[in-house]
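The values are calculated or read from the model by the stated rules, or taken from the named source; none is laboratory data. Small disclaimer: the values here were computed from a predicted structure and weren't measured. For neighbour counting, all protein chains shown are included, and Cβ atoms are generated from backbone atoms with ideal geometry for every residue, glycine included. Quick note on the areas: whole protein, heavy atoms, side chains included, nothing else; ligands and nucleic acids left out. Shrake-Rupley method; radii C 1.70, N 1.55, O 1.52, S 1.80 Å.
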Amino acid sequence: MTGLKEYRLYWEGLAARAGDISETLPLTVDDDMARRIMRLGRDSVSLFFLPPSSRSEARDADSWSESDDCVVFVMGRFDPQRRTSWDVLEQTQPVMERLKELMLADVAAGCCVMRLDVRSLSTMPETKFYAGFAGWSLGFRIMGT
(Lines give C-alpha, C1' and ligand atoms only; values in the text may rest on other atoms or scores of the structure.)
Protein backbone atom coordinates (compact mmCIF):
# COMPACT_ATOMS: atom_id res chain seq x y z
CA MET A 1 0.00 0.00 0.00
CA THR A 2 1.27 3.45 -0.91
CA GLY A 3 2.12 5.60 2.12
CA LEU A 4 -0.36 8.45 2.57
CA LYS A 5 2.31 11.04 3.38
CA GLU A 6 4.32 10.21 0.26
CA TYR A 7 1.13 10.18 -1.80
CA ARG A 8 0.07 13.62 -0.51
CA LEU A 9 3.53 15.08 -1.09
CA TYR A 10 3.56 13.65 -4.62
CA TRP A 11 0.30 15.42 -5.53
CA GLU A 12 1.35 18.69 -3.92
CA GLY A 13 4.59 18.60 -5.91
CA LEU A 14 2.87 17.59 -9.14
CA ALA A 15 0.34 20.41 -8.80
CA ALA A 16 3.19 22.90 -8.32
CA ARG A 17 4.97 21.55 -11.41
CA ALA A 18 1.80 21.63 -13.52
CA GLY A 19 0.98 25.28 -12.82
CA ASP A 20 -2.56 26.67 -13.04
CA ILE A 21 -3.56 24.79 -9.85
CA SER A 22 -4.21 27.02 -6.87
CA GLU A 23 -5.19 24.44 -4.22
CA THR A 24 -4.36 20.80 -3.53
CA LEU A 25 -6.59 19.03 -1.02
CA PRO A 26 -6.90 15.43 0.15
CA LEU A 27 -10.58 14.47 0.25
CA THR A 28 -11.93 12.89 3.39
CA VAL A 29 -15.42 12.11 4.58
CA ASP A 30 -16.03 14.46 7.47
CA ASP A 31 -18.23 17.40 8.35
CA ASP A 32 -15.56 20.00 7.65
CA MET A 33 -14.68 18.85 4.11
CA ALA A 34 -17.64 20.49 2.35
CA ARG A 35 -16.97 23.76 4.18
CA ARG A 36 -13.29 23.68 3.19
CA ILE A 37 -14.16 23.05 -0.44
CA MET A 38 -16.83 25.74 -0.60
CA ARG A 39 -14.31 28.32 0.73
CA LEU A 40 -12.03 27.81 -2.28
CA GLY A 41 -11.62 30.75 -4.65
CA ARG A 42 -14.36 31.31 -7.20
CA ASP A 43 -12.05 31.24 -10.24
CA SER A 44 -9.46 28.83 -8.88
CA VAL A 45 -8.59 25.40 -10.26
CA SER A 46 -8.13 22.81 -7.53
CA LEU A 47 -6.64 19.34 -7.35
CA PHE A 48 -8.46 16.95 -5.01
CA PHE A 49 -7.31 13.42 -4.28
CA LEU A 50 -8.82 10.50 -2.42
CA PRO A 51 -6.73 8.15 -0.28
CA PRO A 52 -5.86 5.12 -2.40
CA SER A 53 -7.60 1.82 -1.79
CA SER A 54 -5.57 -1.38 -2.00
CA ARG A 55 -6.19 -4.80 -3.47
CA SER A 56 -4.16 -7.96 -3.43
CA GLU A 57 -2.30 -8.90 -6.60
CA ALA A 58 -0.92 -12.11 -5.04
CA ARG A 59 -1.71 -15.59 -6.21
CA ASP A 60 -0.42 -17.07 -2.96
CA ALA A 61 1.14 -15.99 0.33
CA ASP A 62 4.68 -16.48 -1.00
CA SER A 63 4.27 -13.80 -3.66
CA TRP A 64 2.37 -11.11 -1.75
CA SER A 65 1.88 -7.77 -3.50
CA GLU A 66 -0.82 -5.12 -3.61
CA SER A 67 -1.94 -2.53 -6.08
CA ASP A 68 -3.66 0.75 -5.21
CA ASP A 69 -6.74 2.09 -6.96
CA CYS A 70 -6.58 5.88 -7.04
CA VAL A 71 -8.79 8.80 -8.05
CA VAL A 72 -7.82 12.46 -8.38
CA PHE A 73 -9.95 15.40 -9.51
CA VAL A 74 -9.10 18.66 -11.28
CA MET A 75 -12.01 20.95 -10.50
CA GLY A 76 -13.20 24.52 -10.79
CA ARG A 77 -16.21 26.25 -9.33
CA PHE A 78 -19.09 27.17 -11.57
CA ASP A 79 -22.06 29.45 -11.14
CA PRO A 80 -24.74 29.08 -13.83
CA GLN A 81 -25.24 32.85 -13.84
CA ARG A 82 -21.55 33.56 -14.50
CA ARG A 83 -20.26 30.45 -16.25
CA THR A 84 -21.55 26.97 -16.93
CA SER A 85 -20.14 23.60 -15.98
CA TRP A 86 -19.16 23.18 -19.66
CA ASP A 87 -17.04 26.34 -19.41
CA VAL A 88 -15.25 24.85 -16.41
CA LEU A 89 -14.73 21.54 -18.24
CA GLU A 90 -13.05 23.49 -21.07
CA GLN A 91 -10.91 25.42 -18.57
CA THR A 92 -9.78 22.38 -16.59
CA GLN A 93 -9.23 19.90 -19.44
CA PRO A 94 -5.77 21.24 -20.41
CA VAL A 95 -4.74 21.15 -16.74
CA MET A 96 -5.79 17.50 -16.47
CA GLU A 97 -3.91 16.66 -19.67
CA ARG A 98 -0.78 18.36 -18.28
CA LEU A 99 -1.08 16.31 -15.06
CA LYS A 100 -1.25 13.08 -17.07
CA GLU A 101 1.82 14.09 -19.09
CA LEU A 102 3.75 14.74 -15.87
CA MET A 103 2.58 11.45 -14.33
CA LEU A 104 3.75 9.53 -17.40
CA ALA A 105 7.10 11.33 -17.30
CA ASP A 106 7.44 10.35 -13.64
CA VAL A 107 6.73 6.72 -14.52
CA ALA A 108 9.39 6.81 -17.24
CA ALA A 109 11.86 8.34 -14.75
CA GLY A 110 11.25 5.52 -12.25
CA CYS A 111 9.35 7.55 -9.63
CA CYS A 112 9.10 5.57 -6.40
CA VAL A 113 5.52 6.78 -5.72
CA MET A 114 4.03 6.71 -9.20
CA ARG A 115 4.39 3.09 -10.31
CA LEU A 116 1.48 3.65 -12.65
CA ASP A 117 -0.17 0.92 -14.67
CA VAL A 118 -0.58 3.09 -17.77
CA ARG A 119 -3.35 0.83 -19.12
CA SER A 120 -5.49 1.78 -16.13
CA LEU A 121 -5.78 5.53 -16.84
CA SER A 122 -9.41 6.60 -17.14
CA THR A 123 -10.48 10.25 -17.41
CA MET A 124 -14.12 11.23 -16.88
CA PRO A 125 -15.94 14.59 -16.90
CA GLU A 126 -17.53 15.53 -13.57
CA THR A 127 -20.26 18.07 -12.85
CA LYS A 128 -22.19 18.96 -9.70
CA PHE A 129 -19.22 17.95 -7.53
CA TYR A 130 -19.95 19.30 -4.04
CA ALA A 131 -22.89 21.16 -5.66
CA GLY A 132 -20.76 23.82 -7.30
CA PHE A 133 -17.71 22.32 -8.96
CA ALA A 134 -17.06 20.76 -12.35
CA GLY A 135 -13.96 19.30 -13.98
CA TRP A 136 -12.34 15.93 -14.53
CA SER A 137 -11.64 12.81 -12.53
CA LEU A 138 -8.71 10.55 -13.27
CA GLY A 139 -8.79 6.96 -12.10
CA PHE A 140 -5.68 4.78 -12.22
CA ARG A 141 -3.85 1.93 -10.56
CA ILE A 142 -0.45 2.04 -8.87
CA MET A 143 1.30 -1.32 -8.93
CA GLY A 144 2.94 -2.73 -5.81
CA THR A 145 6.57 -3.55 -5.53
Check your understanding: Over the chain, what is the mean sequence separation of C-alpha contacts under 8 Å (at least six apart), divided by residue count, expressed as relative contact order in percent?
Key -> 25 percent
Review point. Over what distance in Å are the Cα centres of region 26-56 and region 80-145 separated?
Key: 14 Å
Check your understanding: For labels at Asp69 and Cys111 in the simple 7 Å Cα→Cβ model, what's the distance in nm?
Key -> 2.2 nm
Point to revise | Within the chain, helix-based [θ] at 222 nm, where runs of 4 or more DSSP H residues each add -39,500 (n - 2.57), nearest 500 | key: -10500 deg cm²/dmol
Study note, to complete from the structure: Heavy-atom accessible area per residue of the chain, all protein chains kept, 1.4 Å probe, expressed in Å², is 55 Å²
Practice item. Take Ser54, project a point 7 Å from its Cα along the Cβ direction, then tell me which residues of region 103-145 have their backbone nitrogen under 18 Å from it. Key: 112-117, 140-145
Point to revise | Acute angle (nearest 10 degrees) that the helix 85-108 long axis makes with the longest principal axis of the chain, alpha-carbon atoms | key: 30 degrees
Point to revise | Among Val45, Val29, Val88, residue whose mean-square fluctuation peaks in a GNM of the chain (springs only between Cα atoms under 10 Å) | key: Val29
Review point. Among Tyr10, Met114, Leu99, whose Cα lies farthest out toward the positive end of the dipole of the chain, if unit charges sit on the beta carbon of Lys, Arg (+1) and Asp, Glu (-1)?
Key: Leu99
Exercise for review: Order these peptides, 130-142, 93-105, by their mean beta-carbon neighbour count within 10 angstrom, highest first.
Suggested key: 130-142, 93-105
Check your understanding: DSSP loop trypsin sites (Lys or Arg not before Pro) in region 1-53 with at most 16 other Cβ atoms within 10 Å of their Cβ, which ones?
Key -> Arg39, Arg42
Check your understanding: Once you charge only the Cβ atoms, +1 for Lys and Arg and -1 for Asp and Glu, what is the size of the charge dipole of the chain about its Cα centre, to the nearest 20 debye?
Key -> 360 debye
